Amino acid sequence: MYNHAPKDYKCPLCLIVNGKDNPEFFAKVADIFYKDDFLTAFIGGKWWEKNPGGTIIIPNKHFENLYDIDEEYGHKIFDFSKKLAIALKKVYGCDGVSTRQHNELAGNQEVWHYHFHVMPRWEGDELYKNHDKKRWTTAEERKPYVEKLRKYFEENE
């Protein structure tokens, strides 16, 4: 329902779930810090100036958007987002978190696979005022964030 992916769409997030990197996509398998039967969580490749280490949760089964997602997967993602928010507070020491999820072109969806952002926030970061100040990161920049969150979930799950 309300789908926009081209007929021959090669989903970069499905590749990550299946352990394969897409050379054209900045997120990589090495960015994964948590995976279970329902979902995968990783450090996002796009960072905002004052909010490094943003995370993304995706269902392991392909759903294009919120309109399509199965309720069981939706509940699993929401429940994990709470655990991840707590992990960000403990591991990053951030002052708060923001969550967001985009659907369709008008909703700023860029990848045709449901994904849920959990962003670390700091006092005065002005994330929404600085929304245009974003950049793609390297795997090396993301690695320390991956390691910290992977360790947290290994010790707390």
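Rg of the Cα atoms in the stretch 86-157, relative to 2.2 N^0.38 Å, amounts to 1.27.
Of all stretches in the chain that contain no trypsin sites (Lys or Arg not before Pro) in a DSSP loop with at most 14 other Cβ atoms within 10 Å, the longest one is 51-128. Seen from every direction in turn and averaged, the convex hull around the alpha carbons of the chain projects onto 9.1 nm².
In this structure the amide hydrogen of LEU39, modeled in the peptide plane, comes within under 5 Å of the amide hydrogens of ASN60, none closer than 5 places in sequence on its chain. Look at HIS115, HIS62 and count the other Cβ atoms within 10 Å of each Cβ; fewest to most, that gives HIS62, HIS115.
Residue exposure proxy: SER98, SER81, ordered by other Cβ atoms within 10 angstrom of their Cβ from fewest to most, comes out as SER98, SER81. Extension gain LYS61-GLU157, at 0.36 nm per residue separation less the Cα-Cα distance, in nm? 32.4 nm is the gain from fully extending LYS61 to GLU157.
On full extension, the segment bounded by PHE78 and VAL29 gains 15.4 nm, given 0.36 nm per residue less the C-alpha separation. So if I take the centroid of the Cα atoms in the stretch 91-120 and the same for the stretch 127-142, what is the distance between those two points in Å? The stretch 91-120 and the stretch 127-142 have Cα centres spaced 13 Å from each other.
Against the chain, whose longest principal axis is taken from its Cα atoms, helix 139-156 shows a tilt of about 80°.
Of the GluC sites (Glu not before Pro) in the stretch 41-148, the ones in a loop by DSSP (not H, G, I, E or B) with at most 10 other beta carbons within 10 Å are GLU110, GLU123. Rounded to the nearest 500, the helix-only mean residue ellipticity at 222 nm of the chain stands at -9500 deg cm²/dmol, with each DSSP H run of n ≥ 4 adding -39,500 (n - 2.57). Relative to the Cα centre, the charge distribution of the stretch 22-157, modelled as +1 at Lys and Arg Cβ and -1 at Asp and Glu Cβ, gives a dipole magnitude of about 520 debye.
Inter-label distance, GLU123 to ASP36: 3.4 nm, where each label sits 7 Å from its Cα along the C-beta direction. For the chain, the longest principal axis of the Cα atoms and the long axis of helix 71-92 meet at an angle of about 20 degrees. Sparsely packed loop sites in the stretch 1-61 (the chymotrypsin sites (Phe, Trp or Tyr not before Pro) outside DSSP H, G, I, E and B with at most 13 other Cβ atoms within 10 Å) comprise TYR2.
FYI, it's all coordinate maths here, none of it is from the lab. Values in this document were obtained by computation on a predicted structure and should not be read as measured data. As a convention, Cβ positions derive from the backbone with ideal geometry for all residues, glycine included, and neighbour counts pool all protein chains shown.
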